[in-house]
1. Probe radius 1.4 Å, ligands and nucleic acids left out: which of Glu136, Glu178 has the largest accessible area, and how do the rest follow?
2. With θ taken as phi - 60° and the coefficients 6.51, -1.76 and 1.60, list the Karplus ³J(HN,Hα) couplings across segment 246-259 in order, rounded to whole Hz; mark glycine and proline as x.
3. Out of Thr125, Gly173, Met151, whose Cα points farthest toward the positive end of the dipole of segment 101-224 (charges: +1 Lys, Arg; -1 Asp, Glu; placed on Cβ)?
4. On average over all directions, what projected area in square nanometres does segment 139-254 have, based on the convex hull of its Cα atoms?
5. How large is ³J(HN,Hα) for each residue in segment 134-147, as worked out from phi by the Karplus curve 6.51 cos²θ - 1.76 cosθ + 1.60 (θ = phi - 60°), to whole Hz, x for Gly and Pro?
6. Under the rule a/c < 1.5 gives rounded, and otherwise a/b versus b/c splits prolate from oblate, where does segment 121-182 land using the Cα gyration tensor?
7. Treating only the Cβ atoms of Lys and Arg (+1) and Asp and Glu (-1) as charged, compute the dipole magnitude of segment 115-239 about its Cα centre; round to the nearest 20 debye.
Amino acid sequence: MHRQAVSPPIHHPVPQRPVQVPVMQSPPPPPQSSDPYDNPYGGHARGKQMAMRTGFFTDPMTAQMGFNVARAAMSGGTDLAEKNITRYFSSLKPYFAVTNVYVVRKLSILLNPWRHVPWSRQPTTRASAQRPGEAETIYFPPWEDLNAPDMYIPLMSFVTYILLSALLYGLSGTFHPELLGYTASSALGAVVFELIGLRLGCYLLSIGNSQLLDLIAYSGYKFVGVIVSILATAVLGRGWLSWIVFLYCYSAQAFFLLRSLKYVLLPDSDGSGDAQNVYTAPRTQRKRRTWLLFGYSYLVQLLLMLILTSGVGKKVKV
């Protein structure tokens, strides 16, 4: 008879040291942010804001109000631009009011100014548009007054100067398309330099009745003499005959500006511009204005006409 084997009892190990179980802690709440899209817990606020934005565009009354505001702003900007453009062209339009007779007679004065009289412009009066009930003094346009400055002859002379220079470059075999821009920029730079100097002189001598458009017109008349000098050089060659033609054109231009600008740079004290009261300004101020008129008419014109005629037809590095 066999005896059943009995397994010994199982004893669990008893820890010798007390075991500390770590306590699990919940993570801290996320920081509050002003932007609901950065807050993962702000889904409700984000949805509410999205609903408000969507409602702004889908609400018919709000959309119509925004459309009306935008249309009013665009209409106001368009009206302001049209008003400024209309005012600019309305002030520029009288300078192009010329006739064929005026152009021919004006060119004859530019080339032979010594026999022309008188030089003062013809004023007239009309009702003031800005001050109702009062009269203002204006001058006749060029087609009614031969002494009035115009923009037609200076502009056509400027364009003719550029085309004539390009033609001479082509005849000499040195033409490049870049020469058109070079000639135009040089001529325009000479005019701008002249106007800046003249306006600065008017400002320093307190000449407040000088109109910028008038000064631009007077400055552009020099291209008539420049064109004649260039043609004389092309036909006669670079000799003493061409220099005689240049000196004649320069003298004519200087005398023309001296007589025409006398009523602009030497105005009377009250600004009326009457030819009989031109020299009523203080003696010291009148003397400085006279020197300004002489320097601009003779020294500045000589320098600019030499620059504009010296390099035409020569090879230029571009």
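1. Largest accessible area first, the list is Glu178, Glu136.
2. After applying 6.51 cos²θ - 1.76 cosθ + 1.60, I find 5, 5, 5, 5, 5, 5, 5, 5, 5, 5, 4, 5, 4, 7 Hz.
3. Thr125
4. 8.7 nm²
5. Residue by residue, segment 134-147 yields 10, 9, 10, 9, 10, 10, 5, x, x, 6, 9, 10, 5, 8 Hz.
6. Verdict is prolate for segment 121-182.
7. The calculated dipole for segment 115-239 is roughly 240 debye.
The values are calculated or read from the model by the stated rules, or taken from the named source; none is laboratory data. Note that this is a predicted model, so its numbers are computed, not measured. Backbone-built Cβ (ideal geometry, glycine too); neighbour counts: all protein chains shown. Note: areas computed on protein heavy atoms with side chains; ligands, DNA, RNA excluded. Shrake-Rupley method; radii C 1.70, N 1.55, O 1.52, S 1.80 Å.
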